[in-house]
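Inspection log for the structure reproduced underneath, given as structure tokens.
Taken together, the values in this text are just the output of simple stated rules run on the coordinates, not laboratory data. Because the structure is predicted, anything quoted here is derived from the model rather than measured. Cβ: placed from backbone, ideal geometry, glycine included. Neighbour counts: every protein chain shown.
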Amino acid sequence: MMVVLFAATGVVVAAVAALALQSWWILFAVLAIHATATVLVIAYTFRKAGESHEKPDPVTEARIEEEESSSGPPPRAGRARDYEVFN
């Protein structure tokens, strides 16, 4: 992440220098780099958003938890404060 921030800072500094030196070719090159980076970030974001991690729907998940709790070990004998309050 720091490398990306450092590179972005370099692009901004190069754009400011290009404007100060009135070098339009450098400014257009910096803008092209910026556009390319923007396209790459958007493509990466859409690709990650489209991934599926095969998580079951809530009803199936509740059924799986119910089956696991019913087939689990029997509850221990002990004081009430020894049991977990939340799962």
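Taking the number of other C-beta atoms within 10 Å as the exposure measure, put Leu5, Leu31 in order starting with the fewest.
On the way: Leu5 9, Leu31 13.
Ordered by Cβ neighbours within 10 Å, fewest first: Leu5, Leu31.
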(message) Can you sort Glu54, Glu66 from fewest to most other Cβ atoms within 10 Å of each residue's own Cβ?
(response) Glu54, Glu66
(request) Treat each spin label as a single point 7 Å out from the Cα along the C-beta direction, and report the Leu31 to Arg63 distance in nm. (result) 5.8
(message) Using a 7 Å offset from the Cα along the Cα-to-Cβ direction at both Val3 and Ala17, what is the distance between the two label points in nm, to one decimal?
(response) 2.1
